[in-house]
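Undergrad: Here it is, the structure, as structure tokens.
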Amino acid sequence: MSELRKFLTQSELKVFRRWGVPVRYIYGKQRRRIFERDKNKCRRCGNSDLRSLTVAHIIPYHDGVMKRGYTPDYLNRDANLVVACRKDCNKLAAKRI
């Protein structure tokens, strides 16, 4: 298994800046793993209503790629993902960064 790269190359960054970053949603096994790790609760407020919860990036996906130059795979690691309330806590987290 190859080592996970943390940063984009200059040519990759130019492509993302020109064409934009594709939106990345977390599905399947990884999503279930994050919910199990966080005990089906929002990490910020503790809400446990599954209908209002989602998996969110700690370092926002778009900002991580465009402003910091991280690779999409690096941003989608389990360590950068948390369960958060879809409307409230997820949006607050994005504003803090």
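Undergrad: For the range 9-38, enumerate the residues that are part of a helix (DSSP H, G or I) and more than 17 Å from ARG77 (Cβ to Cβ).
TA: Once the filter is applied, which keeps residues that are part of a helix (DSSP H, G or I) and more than 17 Å from ARG77 (Cβ to Cβ), the range 9-38 yields GLN10, SER11, GLU12, LEU13, LYS14, VAL15, PHE16, ARG17, ARG18, TRP19.
Undergrad: Is it the case that ASN90 is crowded, with 17+ Cβ neighbours inside 10 Å and in contact with a Ser or Thr (Cβ under 7 Å, 6 or more places away or on another chain)?
TA: When the stated conditions are applied, ASN90 passes them.
Undergrad: Now for a different question. Take the conditions touching a strand residue (DSSP E or B) at 6+ places or on another chain (Cβ under 9 Å), of a type in the set (Phe, Trp, Tyr) and surrounded by 15 or more Cβ atoms within 10 Å (Cβ to Cβ) and apply them to TYR25. Does it pass?
TA: It is false that TYR25 is touching a strand residue (DSSP E or B) at 6+ places or on another chain (Cβ under 9 Å), of a type in the set (Phe, Trp, Tyr) and surrounded by 15 or more Cβ atoms within 10 Å (Cβ to Cβ).
Undergrad: If you don't mind, another one. Kindly provide the set of residues from the range 1-16 that are without any contact (Cβ under 8 Å) to a residue 60 or more places away in the chain, surrounded by 12 or more Cβ atoms within 10 Å (Cβ to Cβ) and not hydrophobic (A, V, I, L, M, F, W, C), ordered by number.
TA: GLU12, the sole residue that qualifies.
Undergrad: Can you go through ASP78, ASP88 and tell me which one is touching a helix residue (DSSP H, G or I) at 6+ places or on another chain (Cβ under 7 Å) and among the acidic types (Asp, Glu)?
TA: That would be ASP78, the only listed residue that is touching a helix residue (DSSP H, G or I) at 6+ places or on another chain (Cβ under 7 Å) and among the acidic types (Asp, Glu).
Undergrad: Collect the residues in the range 39-66 that are part of a loop (DSSP other than H, G, I, E, B), over 16 Å from ASN76 (Cα atoms) and in contact with a strand residue (DSSP E or B) (Cβ under 8 Å, 6 or more places away or on another chain), keeping them in residue-number order.
TA: ASN40, LYS41, CYS42, ARG43, ARG44, CYS45, ASN47 - these are the residues of the range 39-66 that are part of a loop (DSSP other than H, G, I, E, B), over 16 Å from ASN76 (Cα atoms) and in contact with a strand residue (DSSP E or B) (Cβ under 8 Å, 6 or more places away or on another chain).
Undergrad: Please count how many residues of the range 27-63 are in contact (Cβ under 8 Å) with a residue 12 or more places away in the chain and either within 29 Å of LEU8 (Cα to Cα) or among the charged types (D, E, K, R) (or both).
TA: 20
Values in this text are rule-based calculations from the coordinates and carry no lab data. Quick caveat: nothing in here was measured; it's all calculated off a predicted structure. No Cβ is skipped: glycine too gets one built from the backbone with ideal geometry, and neighbour counts run over all protein chains shown.
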